[in-house]
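Worksheet: one structure, shown below.
The values are calculated or read from the model by the stated rules, or taken from the named source; none is laboratory data. Just so you know, these numbers come straight off a predicted model, no measurement behind them. We place every Cβ from the backbone using ideal geometry, glycine too, and count neighbours over all the protein chains shown. Just the protein is used for accessible areas: all its heavy atoms, side chains included, with ligands, DNA and RNA removed. Shrake-Rupley method; radii C 1.70, N 1.55, O 1.52, S 1.80 Å.
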Amino acid sequence: QVQLVESGGGLVQAGGSLRLSCAASRSIFSFNTMGWYRQAPGNQRELVATIRTDGITSYADSVKGRSTISRDSGKNTVFLQMNSLKPEDTAVYYCHAVTRAYQYWGQGTQVTVSS
């Protein structure tokens, strides 16, 4: 059973930074893609950033230039560095991993940005 455990969320003022971590229970290279989604109250879950096995990354337009997704294969961990945070970044952030057959989700970590 794959487990994805997020950490690093919290309360931050607008303009601040946070780094989210997602620790996987097996090698992150066993997944085709890993990424981060977020869901604000009343909104659908939306893609934030992804990183493929080959290292190619992609970002939602709303976070492009302010966020960086990265990984540490030795720790089986994927990170999301978020800078210049805005109140509209407030959401529960979920780690996501995909193989050819399955997709996996973490339990989520709350990010709250105060104005």
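Of all residue pairs spaced 6 or more apart or on separate chains, those with beta-carbon atoms under 8 Å, a first member in region 1-26 that is in a loop (DSSP other than H, G, I, E, B) and a second member that is open to solvent by 40 Å² or more (accessible area, probe 1.4 Å) and among the charged types (D, E, K, R) are VAL2/ARG26; GLY8/ARG19; ALA14/LYS86.
Table: residues versus (1) small (Gly, Ala, Ser); (2) open to solvent by 20 Å² or more (accessible area, probe 1.4 Å).
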site: ASP72; (1), (2): no, yes
site: VAL78; (1), (2): no, no
site: GLN81; (1), (2): no, yes
site: SER84; (1), (2): yes, yes
site: ASP89; (1), (2): no, no
site: THR99; (1), (2): no, yes
site: VAL111; (1), (2): no, no
site: SER114; (1), (2): yes, yes
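Looking only at region 37-47, which residues are among the hydrophobic types (A, V, I, L, M, F, W, C) and open to solvent by 50 Å² or more (accessible area, probe 1.4 Å)?
Result: LEU47, single match.
The sole residue among THR50, THR57 that is within 17 Å of ILE69 (Cβ to Cβ), open to solvent by 30 Å² or more (accessible area, probe 1.4 Å) and either over 15 Å from the mean Cα position of the chain (by Cα) or among the polar types (S, T, N, Q) (or both) is THR57. Of the residues that sit in region 27-36 and are under 17 Å from ALA101 (Cα atoms) and assigned to a strand (DSSP E or B), which one is most open to solvent (accessible area, probe 1.4 Å)? Top of the filtered list is THR33.
Each residue in region 1-17 was checked for being of a type in the set (A, V, I, L, M), more than 11 Å from GLY106 (Cβ to Cβ) and open to solvent by less than 30 Å² (accessible area, probe 1.4 Å), and 1 pass.
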